[in-house]
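The next block holds one structure in the form of structure tokens; read it before the comments.
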Amino acid sequence: MKIFSSEITPYKHYINRRKFIKSSLAAGLVLGTSTTIQANHSSNQNIYANQVDENDSLNSFEEITTYNNFYEFGMGKTDPSENSSNFNPKPWSINLEGLINNPQVLDLENLLQKIAIEDRVYRLRCVEAWSMVIPWQGFPLSELIKIADPLSSAKFIQFVTVFRPDEMPGQKRRLLPWPYVEGLRMDEAMHPLTILSTGLYGHDLLNQSGAPLRLVVPWKYGFKSIKSISSIRFVDKQPEATWSMLAPSEYGFYSNVNNFVDHPRWSQGTERRIGEFKRRKTLMFNGYEEEVSHLYSGMDLRKYY
Ligand SMILES: Nc1nc2c(c(=O)[nH]1)N[C@H]1C(S)=C(S)[C@@H](COP(=O)(O)O)O[C@H]1N2
Ligand SMILES: [Mo]
């Protein structure tokens, strides 16, 4: 990917450039002044101003696409970028199923023509205590939920990754029980910070990043952000999720980034931002506390980790 420099781009420069590109595209001309992002949490429209801090630097395209977890292509961090070239994400369909009024097989291309794609810069915090800052493109999961039109009995959503052992060499081995599955409670799924991503840095998702469609839930550990989604199931009970099914004492269903609940084998108090030397303090809910803590009021977050 030669078009992207491997330098770290300061967040505000990137945002300004994206705004410039978008407004010039919309206006059909290349005129525009760079605007700085305004911090304002009062209106829903501006909730995203708080995606990351101005002094958070973006990870480079190179870092984001060569240091990955995607066991369908192997367990090593470079396996997904090295072993995913035979995966074919086009055409793609998504099954909407379960407790909904509009069960259907959605053609992704078709859907993307009708849905507005937005820019979202989010921190991604992995349970293994590394993190990155990623400029995603995508749309709120709530848009798809509206299309599905859930029944009132639908309390949770389960997401399922495609099963294609011929294209995903890791699925020929029992690294995990396949297919990979994840889940969210309905209110988490409806939250405006929860997105389905189709791209990053203005480029369609590469296979290692979960092409053509992956979930991003910025206040939860990375493993909740399931990749290459082929089914979305609306269910009435808390669904199975791959890691919490495999090791329930290490990975809970909620898996909110929580600096005061350590993983049994390591601390969750600090993290290593890829590309940085000094460790950072991990923030509660990965820094999105103001936006999401109300979802868990009254819940014991040591019990529901
Ligand atoms: N289908 C699938 N989705 C997955 C995984 C996986 O192995 N399979 N790994 C998860 C983990 S552990 C993390 S940290 C993130 C990593 O996303 P990234 O490689 O885009 O940074 O993807 C998550 N989504
Ligand atoms: Mo992870």
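The values are calculated or read from the model by the stated rules, or taken from the named source; none is laboratory data. All values derive from a computational prediction rather than experimental measurement. Neighbour counts are summed over all protein chains in view; Cβ atoms, including those assigned to glycine, are modelled from backbone coordinates with ideal geometry. Heavy atoms of the whole protein, side chains included, go into the accessibility calculation; ligands, DNA and RNA do not. Shrake-Rupley method; radii C 1.70, N 1.55, O 1.52, S 1.80 Å.
Among 100-108, 139-147, how do they line up by average Cβ neighbours within 10 Å per residue, starting with the highest? Show your work: numbers first, answer last.
Working: 100-108: 13.8, 139-147: 17.7.
Going from most to least packed, we get 139-147, 100-108.
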Quiz item: In terms of the Cα gyration tensor, with a ≥ b ≥ c the square roots of its eigenvalues, is the stretch 158-305 rounded because a/c is under 1.5, prolate because a/b exceeds b/c, or oblate?
Solution: rounded
Practice problem: Tell me the trypsin sites (Lys or Arg not before Pro) within the stretch 205-246 that lie in a loop according to DSSP and have at most 15 other beta-carbon atoms within 10 Å. | Solution: K237
Exercise. Provide the net charge surrounding W130, with neighbours chosen by a C-beta distance below 12 Å and charges set as Lys +1, Arg +1, Asp -1, Glu -1.
Key: +3
Quiz item: Taking the highest mean first, how do the peptides 78-87, 164-173, 178-187 order by number of other beta carbon atoms within 10 angstrom per residue?
Solution: 178-187, 78-87, 164-173
Quiz item: Excluding same-chain residues fewer than 8 positions from K155, which aspartates and glutamates have a Cα within less than 16 Å of its Cα?
Solution: E97, E182, D187, E188, D236, E240
Quiz prompt | Cα-Cα over 21 Å, subset of K90/K114; K114/K146; K220/K281; K172/K227; K237/K303; K172/K237 | solution = K172/K237
Self-check item: the stretch 5-296 shape via C-alpha gyration tensor axes, a/c threshold 1.5
Solution: rounded
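For F234, what charge total do you get from the other residues with a beta carbon under 10 Å from its beta carbon, if Lys and Arg give +1 and Asp and Glu give -1? Each step should come with its number before you reach the end.
Values: positive: K155, R233; negative: E97, D149, D236.
My count for the surroundings of F234 gives -1.
Quick one: with all protein chains in place, what share of the accessible area of the stretch 89-164 is carbon or sulfur, to the nearest percent (1.4 Å probe)? Provide the component values of the computation, followed by the final result.
Values: 1620 of 3040 Å².
Carbon-and-sulfur percentage of accessible area, whole number: 53.
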Exercise. Compute the signed sum of charges (Lys and Arg +1, Asp and Glu -1) over the other residues within less than 15 Å, Cβ to Cβ, of P218.
Key: -3
